[in-house]
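Scroll down for the structure; my scribbles are underneath it.
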Amino acid sequence: MSGKYLVTGGAGYIGSVVAQHLLEAGHEVTVLDNLTTGFRESVPAGAVFIEGDIRDAAKWLDSAYDGVLHFAASSQVGESVVKPEKYWENNVGGTTALLGAMREARVRKLVFSSTAATYGEPKQVPIVESAETSPTNPYGASKLAVDHMITGEAAAHGLGAVSLRYFNVAGAYGPYGERHDPESHLIPLVLQVAQGRRDAISVYGDDYPTPDGTCVRDYIHVADLAEAHLLALRAARPGEHLICNLGNGNGFSVREVIETVRRVTGHPVPEVLAPRRGGDPATLVASAATARETLGWTPSRTDLAAIVADAWEFARQRGN
Ligand SMILES: NC(=O)c1ccc[n+]([C@@H]2O[C@H](COP(=O)([O-])OP(=O)(O)OC[C@H]3O[C@@H](n4cnc5c(N)ncnc54)[C@H](O)[C@@H]3O)[C@@H](O)[C@H]2O)c1
């Protein structure tokens, strides 16, 4: 059945890909984005666009909406350490206003972009949803606070909600891809080196307890991630808050990513060894068992070379 959905942050990387998937599935989509880190041209054709802030969501939300997919946030870990107040204001304050507007308008379904950063340093990998949550930075703490707010909203006011805790999202979906500024994610950074836009890629530490000594992360294709959002809309039940990790359950090391970029692009990628960064866990890999069992989700683009190839195609298109 088709529905009408508000996508906050739909001019950003992941929100634009999900908005496009919703449109392809026959839904009506309104994107609400203040363009702080997003781009007007990333809003898919076919979506209604409102340039505005989630803190003013009550101006636009009404009972004609079947649900909200909430991507809008500040999401730079490093920045959150030096400007924590921005993260409490935008992520927690913004979501408080959004939840209030949803309550007022009787919009009863929410899918929220949570993050692996809510767990902090894992005691066990793969990470399951019942693992201890002990974020190591204000970004992760603000997202965890929102998860708690949503749990209360579901219990007290009947919201049906799913928090999806993404691991490392990567790849592109046609014209929709990663354009963070400054870029902090590994795959687009390595691709910038392959394009000659950056001299070398820094490898922060090669003495971690991992097979090649570099950090291991779980990369998930953004199109697989988008499909999980559509399934989450179906799985949301009034009064319940479901939390699901989204990852491949497979880790790739920093050196494997660099090597894959060399192979896929055919370009040299010089690397420089740098000291470890504080707060970088050796291995972050998701258990995706809950998403499989409760959403019926199976990622289909798990091959790192395929993820890199899509991101490369997007980077080349933009380069041109
Ligand atoms: N990229 C990842 O690997 C990753 C991993 C885990 C979680 N997440 C979460 O996924 C979501 C989307 O991430 P992304 O990589 O697409 O980021 P992005 O910066 O590309 O997109 C965020 C969008 O939200 C908008 N926005 C921010 N504050 C707003 C506000 N107050 N009102 C209206 N719009 C606002 C921005 O303009 C931007 O278009 C974020 O919530 C992020 O925390 C991302």
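What follows is calculated from the coordinates using simple rules that are stated; it is not laboratory data. Since we're looking at a predicted model, the values are computed, not measured. Neighbour counts run over all protein chains shown; Cβ positions are idealised from the backbone, glycine included.
What angle, in degrees between 0 and 90 and rounded to the nearest 10, separates the Cα long axis of helix 254-265 from the longest principal axis of the Cα atoms of the chain? Helix 254-265 and the main axis of the chain meet at about 90 degrees.
For the chain, averaging the sequence separation of C-alpha pairs within contact (under 8 Å, six or more residues apart) and dividing by the residue count gives a relative contact order of 18 percent. Once each part is reduced to its C-alpha centroid, what is the distance from the stretch 271-307 to the stretch 152-218 in angstrom? About 9 Å separates the Cα centre of the stretch 271-307 from the one of the stretch 152-218. All Cα-Cα separations within the chain were binned at 10 Å from zero, giving a P(r) of 6, 27, 37, 22, 7, 1, each value a whole percent of the pairs.
Against the chain, whose longest principal axis is taken from its Cα atoms, helix 304-319 shows a tilt of about 80°.
Highest GNM mean-square fluctuation among Leu284, Leu246, Leu35, for the chain modelled with Cα contacts below 10 Å: Leu35.
Across Val254, Val81, Val31, mean-square fluctuation computed from a Gaussian network of the chain (C-alpha pairs under 10 Å connected) peaks at Val81. Take 95-102, 138-145, 293-300 and order them by the average number of nearby Cβ atoms within 10 Å per residue, most first; the result is 138-145, 95-102, 293-300. Applying D = kT/(6 pi eta Rh) to the stretch 279-320, where Rh is the Kirkwood radius over alpha-carbon pairs, T corresponds to 20 °C and eta to 1.002 mPa s, the Stokes-Einstein value obtained is 163 µm²/s.
Between Leu273, Ala286, Trp312, the Cα set farthest toward the positive side of the dipole of the stretch 256-315 (charges on each charged residue's Cβ, about the Cα centre) is that of Leu273. Estimated from helical segments only, the mean residue ellipticity of the chain at 222 nm is -10000 deg cm²/dmol, where each DSSP H run of four or more residues counts as -39500 (n - 2.57). Rounded to the nearest 10 degrees, the angle from helix 222-235 to the longest Cα principal axis of the chain is 30 degrees.
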